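**Q** Here's a structure for you.
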Amino acid sequence: MDIQDPSFWRSGAISTTLVMLVVLAFLTIDSLQVISVGGANVPKYDVINQQIGYAYNWSRRADVPVIGGPQPLFGKTVTEAEAAGLMRTGKLVIQSRACMDCHTIFGNGAYYGPDLTKSWLDPAWQQIWMPMTGKTTREDAMVEFLMHPDKYPTWTRAMPNLHLTEDEARATVAYLKWISAVDTNGFPANFGQAGTSP
Amino acid sequence: MYRSQKLSLRYYAAAITLFGVMILFGLLSALYYLFPSMLFNVFNFNMSKIMHIDTLVIWLLMGFLGAVYWYLPKELGREVVGMWLAELMFWVFCAAVAVVAVVFLFVQYGGANEFSMWFINQGRKYVEAPRWASIGIVIVMLVFAYNVIATCIKAQRMTGILWVLVLDLIPLLVVYLDAFPVVTNMSVDLYWWWWLVHMWVESTWEVLIGCVMALVLMDVMGTSRRIVEAWLYIEVMLVLGAGILGLGHHYFWIGTPQYWLSIGGFFSALEPLPLLGMVVHSIYDAGMHRMKTANQPAFFWITAEAFGNFIGAGVWGFMMTLPQINLFSHGTQWTVSHGHFAFYGAYVCGVIAVLYVAKQHVSGAATLTGRAWKWSFGLLNFGMIGMVMALLLAGMAQAFYGRAIGGSTLMAFTAASENLWFTSGMWARMLFGVVFAAGYVVLVYDLLTSPKRVPVLQAQPEPA
C-alpha cells in the first residue's frame with residue numbers, strides 16, 4: 001500500500017462515493033414514502049377541511065401539528081380531488097409570483113419577508129388584518145390581503161401587489177393551510193408562544 | 001493558441017460581465033433593506049434577488065466552461081473536437097441569458113399556469129429561468145460534455161483529472177433535470193430541489209473546481225501531476241464521502257424523517273475536512289515556492305480559494321448546520337452570510353485565478369506583477385469579509401430575537417428586523433458591498449490592461 005500512489009486514493013474515492021450513493025438511495029426511498037401526500041409527516045390535501053393547530057409534544061420533544069375537528073375552509077367542505085386542484089393552483093401561484101424569492105417556506109427561499117411555514121396560524125391575521133380588512137374570518141382576510149397587499153401594510157417593508165385573481169388568492173390560502181399541517185420536526189420552534197421584542 | 005482557448009476567452013468575457021451584473025443587483029437587493037419603498041410595485045425585491053442569484057450561477061458556470069475549454073487542449077495536446085458546435089452554443093447561451101434577463105426585468109411574472117413556467121418565471125430559488133431556457137442550459141452542457149468526451153476519445157488518452165471531470169459531468173447533468181417539473185407537494189419539491197442545489201454547489205461543482213484548480217496548480221506552480229492527482233482523489237473522496245449524505249442538513253425541517261437530523265448533523269460536521277486538506281496543500285505549495293511565482297495574482301487567488309473555501313463553506317457552514325443551532329439560524333441572514341462566503345471562497349476566487357492565467361498567456365508576459373491586482377485582491381476580499389460579518393451580525397439578531405425569543409411569527413420577524421443589530425448589520429453590508437464593487441472595477445481594469453514589461457535581470461559575472 002503506497003499512500004503516495006494516486007491509484008490508492010482513486011480506489012478510495014470510487015468506493016466511498018459508491019457506498020454513499022447506495023445509502024442515499026435507500027434513505028431516499030424511505031423519505032419519499034414519509035413525505036408523500038398522506039404519508040407519516042405530510043397530511044392529505046383535504047386536511048384543509050379540519051382545524052389545524054401546533055403544539056409541543058413531550059414524547060417528540062418538539063412542536064408538532066395537531067389536527068382537530070371539522071373547520072372547512074371558506075365554510076365549504078371540499079373533496080380530496082377538489083383539494084388537490086386547489087393545491088396545484090396554489091403551488092403555481094407560489095412559483096409564478098416567485099414568492100420564495102422574498103419569503104421562505106420550511107425556512108427555504110429568500111429572507112426579505114417572513115417565513116410562511118406556519119403563516120396560517122399567525123396571530124397577526126386575527127390581531128391586525130381582520131380588523132384592517134373588515135373581514136370576519138381569517139381566510140377572507142388572507143384573500144383580501146393577498147389580492148391587495150399594498151392597501152394593508154403593517155410596516156415599512158410592505159408586500160407588493162402581484163395581481164392575484166380571487167381564485168388564485170383562495171388557492172394560495174388553501175395551500176398555506178395545508179403547509180401548516182406538515183410535520184417539520186419542530187420548525188419553527190415556539191411559534192407564537194413568546195414575546196416579540198427584545 | 002488553440003481555437004477552444006479563443007472560445008474560452010469569450011466565456012471569460014461573458015463571465016466577468018455577468019459578475020458585474022450580479023454585483024449591481026446585489027447592491028440593489030441590499031438597498032431594499034435600507035429603503036423598502038424603493039421601486040415598490042415597479043421592480044420588487046424578489047426580481048432583484050433573482051437577477052442577483054441567477055447571474056451568480058451563470059457567470060460561475062461560464063467561468064468553469066471557460067477554464068475547461070482553456071485547459072482541455074493543453075491536457076490532451078490537441079484541438080477540442082466539435083468546436084463549431086461549441087462556438088454556436090456559446091452564442092446560444094449568451095442569447096438565452098439576455099432574453100431571460102429582459103423577461104425578468106420587464107415581464108417579471110405571469111399567472112398561475114403552465115405558460116408562466118415555460119416562458120416567464122418558474123419561481124423556484126436558483127431555478128427561476130423559464131423551462132425553455134433550462135432546456136437551453138441542458139443542451140449547452142450536453143454539447144460541453146460531448147466536446148470533452150469526444151476529444152478524449154480522439155486523443156486516445158485520458159488523465160486522472162479528465163476521468164474525474166468526465167464522471168462529474170454525469171451528476172452535473174442528471175440533477176439539473178429537477179429544473180423542469182412543478183411538484184405540488186412542497187416537501188417532495190424541496191427534497192429534489194436540494195438534490196439540484198446541494199449536489200451542484202456542495203458536490204459536483206466542488207469536484208469541477210477541484211479539477212480546474214488541479215490544472216491551474218500544475219500550470220502556475222509547476223506542481224507534479226502525481227501529487228495533484230493524489231490530492232484530487234482525496235478531495236473527491238472526502239467531498240463526496242461527506243457531501244452526499246451532508247445533503248441531510250437540508251432535510252431537517254421540510255417534512256422529512258427525524259433521522260436526517262442525526263445524519264445531516266454528523267456528515268455536515270465532516271464537510272470541512274476536504275476543504276482543510278486544500279488549505280494544507282496550498283500552504284505546502286506556497287512554502288515550496290517561497291511565495292514566488294511567474295503569475296502572482298493567480299497564485300494569490302488560488303490561495304484565497306483554498307482558505308475561502310475552508311472558512312466560508314466549511315467553517316461558516318458547520319457553524320450553522322448542527323440541527324440544534326439550525327432550528328433558529330435556518331432562513332435568516334446568517335444563511336446569507338454563509339452563502340456569500342461559501343460561493344466566494346469556493347468558486348469566485350478560483351474563477352478569478354483562471355482569468356489571470358489566461359491574461360498571462362494572452363499578453364505573453366513572462367511574469368504578471370503590478371499594483372492594480374493587489375488593490376482588487378484587497379478590496380474584493382475586504383469587501384466580502386465585511387459583508388459576511390455584517391450579515392452574520394444581522395442573522396444572529398434574527399435567530400435570537402426573531403426565532404428563539406420571538407417565536408417566529410410575523411410580529412417577531414418584524415421586531416427582529418427593526419432591531420438595531422439587524423439594521424446596523426444591513427447598513428454595514430451595504431458599505432462593504434460598495435467596497436466589493438470597487439474591487440470588481442479594479443479587477444476588470446487590471447484584466448484589460450496590458451501588463452508592464454518587467455526587465456529580466458541578467459546575472460553579472462563577479463569581478464575577478
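The values are calculated or read from the model by the stated rules, or taken from the named source; none is laboratory data. On a predicted model such as this, the values are computed, not experimentally measured, just so you know. Every residue, glycine as well, gets a Cβ built from its backbone with ideal geometry; the counts of neighbours run over all protein chains shown.
**Q** From the list A:V93, A:V78, A:V64, pick out the single residue that is in a helix (DSSP H, G or I), surrounded by 14 or more Cβ atoms within 10 Å (Cβ to Cβ) and assigned by TED's automatic domain parsing to the domain that holds A:Y175. Even if it seems obvious, please write down each step before you answer.
**A** On the way: A:V78 fails: in a helix (DSSP H, G or I); A:V64 fails: in a helix (DSSP H, G or I).
Only one candidate passes the filter, namely A:V93.
**Q** Taking the conditions exactly as written (within 12 Å of chain A (Cβ to nearest Cβ), in contact with an Asp or Glu (Cβ under 7 Å, 6 or more places away or on another chain) and closer than 13 Å to B:T332 by Cβ), does B:S408 satisfy them or not? Break it down stepwise before answering.
**A** Details: within 12 Å of chain A (Cβ to nearest Cβ): yes; in contact with an Asp or Glu (Cβ under 7 Å, 6 or more places away or on another chain): yes; closer than 13 Å to B:T332 by Cβ: yes.
Judged against the criteria, B:S408 is a match.
**Q** Here's another thing I want to ask about it. Among the residues of the range B:190-204, are any touching a residue at least 60 places away in the same chain (Cβ under 8 Å), over 18 Å from B:F307 (Cα atoms), more than 9 Å from chain A (Cβ to nearest Cβ) and among the polar types (S, T, N, Q)?
**A** Within the range B:190-204 (the criterion being touching a residue at least 60 places away in the same chain (Cβ under 8 Å), over 18 Å from B:F307 (Cα atoms), more than 9 Å from chain A (Cβ to nearest Cβ) and among the polar types (S, T, N, Q)), the answer is no, since none of the residues qualifies.
**Q** Sticking with this structure for a sec: What's the number of the only condition in (1) crowded, with 16+ Cβ neighbours inside 10 Å; (2) facing another protein chain (nearest Cβ under 9 Å); (3) of a type in the set (S, T, N, Q) that A:S36 fails to meet?
**A** In the conditions (1) crowded, with 16+ Cβ neighbours inside 10 Å; (2) facing another protein chain (nearest Cβ under 9 Å); (3) of a type in the set (S, T, N, Q), A:S36 misses (1) alone.
**Q** Scanning the range B:82-117 for residues that are surrounded by fewer than 16 Cβ atoms within 10 Å (Cβ to Cβ) and of a type in the set (F, W, Y), which turns out nearest to the other protein chains (Cβ to nearest Cβ)?
**A** Per the criteria, the residue is B:F115.
**Q** Within the range A:147-161, restricting attention to residues that are assigned to a helix (DSSP H, G or I) and either under 21 Å from the mean Cα position of the chain (by Cα) or more than 10 Å from chain B (Cβ to nearest Cβ) (or both), which residue is nearest to B:A112 (Cα to Cα)? Outline the logic, then answer.
**A** Step one: of the range A:147-161, the residues assigned to a helix (DSSP H, G or I) are A:147, A:149-151.
Those still in the list that are either under 21 Å from the mean Cα position of the chain (by Cα) or more than 10 Å from chain B (Cβ to nearest Cβ) (or both) too: A:147, A:149, A:151.
Values: A:M147: 14, A:P149: 18, A:K151: 22 Å.
That would be A:M147.
**Q** Taking the range B:240-275 as the search range and keeping residues that are hydroxyl-bearing (S, T, Y) and within 11 Å of chain A (Cβ to nearest Cβ), which one is surrounded by the most Cβ atoms within 10 Å (Cβ to Cβ)? Even if it seems obvious, please write down each step before you answer.
**A** Initial filter on the range B:240-275 (hydroxyl-bearing (S, T, Y)): B:251, B:256, B:259, B:262, B:268.
Those still in the list that are within 11 Å of chain A (Cβ to nearest Cβ) too: B:251, B:256, B:259.
Working: B:Y251: 24, B:T256: 31, B:Y259: 14.
Here the answer is B:T256.
**Q** Being at the interface with another protein chain (Cβ under 9 Å from one of its Cβ atoms), assigned to a helix (DSSP H, G or I) and in contact (Cβ under 8 Å) with a residue 40 or more places away in the chain is the filter; apply it to the range B:170-188 and report the residue that is nearest to A:A171 (Cα to Cα). Show your work before the answer.
**A** Taking the range B:170-188 and keeping what is at the interface with another protein chain (Cβ under 9 Å from one of its Cβ atoms), we get B:182-188.
Then keep just the ones that are assigned to a helix (DSSP H, G or I); that gives B:186-188.
Those left that are additionally in contact (Cβ under 8 Å) with a residue 40 or more places away in the chain: B:186-187.
Details: B:M186: 14, B:S187: 18 Å.
The extreme case among them is B:M186.
**Q** Of the conditions (1) under 16 Å from the mean Cα position of the chain (by Cα); (2) in a helix (DSSP H, G or I), A:W125 fails just one. Which one is it?
**A** Going through (1) under 16 Å from the mean Cα position of the chain (by Cα); (2) in a helix (DSSP H, G or I) one by one, A:W125 breaks only (1).
**Q** Also, quick follow-up: Among the candidates B:A145, B:A155, single out the residue that is more than 23 Å from the chain's Cα centre (by Cα), more than 25 Å from B:I50 (Cα to Cα) and surrounded by fewer than 21 Cβ atoms within 10 Å (Cβ to Cβ).
**A** Details: B:A145 fails: more than 23 Å from the chain's Cα centre (by Cα).
The match here is B:A155.
**Q** On to the next question. Could you check, for the range B:445-463, whether at least one of its residues is surrounded by fewer than 19 Cβ atoms within 10 Å (Cβ to Cβ), outside any loop (DSSP other than H, G, I, E, B), at pLDDT 95 or above and of a type outside the set (S, T, N, Q)?
**A** Restricting attention to the range B:445-463, the residues satisfying the condition of being surrounded by fewer than 19 Cβ atoms within 10 Å (Cβ to Cβ) are B:445, B:448-450, B:452-463.
Retained after the next criterion (residues that are outside any loop (DSSP other than H, G, I, E, B)): B:445, B:448.
If we keep only those that are at pLDDT 95 or above too, we end up with B:445.
Still in the list and also of a type outside the set (S, T, N, Q): B:445.
Yes; the residues of the range B:445-463 include at least one that is surrounded by fewer than 19 Cβ atoms within 10 Å (Cβ to Cβ), outside any loop (DSSP other than H, G, I, E, B), at pLDDT 95 or above and of a type outside the set (S, T, N, Q).
**Q** Can you say whether A:D2 is outside any helix (DSSP H, G or I), loosely packed, with under 12 Cβ neighbours inside 10 Å and at pLDDT below 95, as far as the supplied structure shows?
**A** Taking the combined requirement at face value, the residue satisfies it.
**Q** Could you check, for the range A:49-58, whether at least one of its residues is in contact with an Asp or Glu (Cβ under 8 Å, 6 or more places away or on another chain) and within 11 Å of chain B (Cβ to nearest Cβ)? Let's see the steps before the verdict.
**A** If we filter the range A:49-58 for residues that are in contact with an Asp or Glu (Cβ under 8 Å, 6 or more places away or on another chain), which is where we start, we get A:54-57.
From the residues that got through so far, the ones that are within 11 Å of chain B (Cβ to nearest Cβ) too are A:54.
Yes - at least one qualifying residue is present in the range A:49-58.
**Q** Select, from A:N57, A:N108, the only residue that is of a type in the set (S, T, N, Q), crowded, with 19+ Cβ neighbours inside 10 Å and either within 14 Å of A:T172 (Cβ to Cβ) or in the same structural domain as A:A158 (by TED's automatic domain parsing) (or both).
**A** Values: A:N57 fails: crowded, with 19+ Cβ neighbours inside 10 Å.
Matching residue, one of A:N57, A:N108: A:N108.
**Q** Does A:V173 qualify as being in contact with an Asp or Glu (Cβ under 9 Å, 6 or more places away or on another chain), closer than 27 Å to A:V64 by Cα and of a type outside the set (D, E, K, R)?
**A** Details: in contact with an Asp or Glu (Cβ under 9 Å, 6 or more places away or on another chain): yes; closer than 27 Å to A:V64 by Cα: yes; of a type outside the set (D, E, K, R): yes.
Here the answer is yes, as A:V173 does meet what is asked.
**Q** Given the structure, is B:K6 more than 16 Å from B:F436 (Cβ to Cβ) and touching an Asp or Glu at 6+ places or on another chain (Cβ under 6 Å)? Break it down into steps so the answer makes sense when it comes.
**A** On the way: more than 16 Å from B:F436 (Cβ to Cβ): yes; touching an Asp or Glu at 6+ places or on another chain (Cβ under 6 Å): no.
It is false that B:K6 is more than 16 Å from B:F436 (Cβ to Cβ) and touching an Asp or Glu at 6+ places or on another chain (Cβ under 6 Å).
**Q** Kindly indicate whether B:S37 is of a type in the set (S, T, Y) and not in a helix (DSSP H, G or I). Don't jump to the end; show me each part of the working.
**A** Working: of a type in the set (S, T, Y): yes; not in a helix (DSSP H, G or I): yes.
So B:S37 passes the test.
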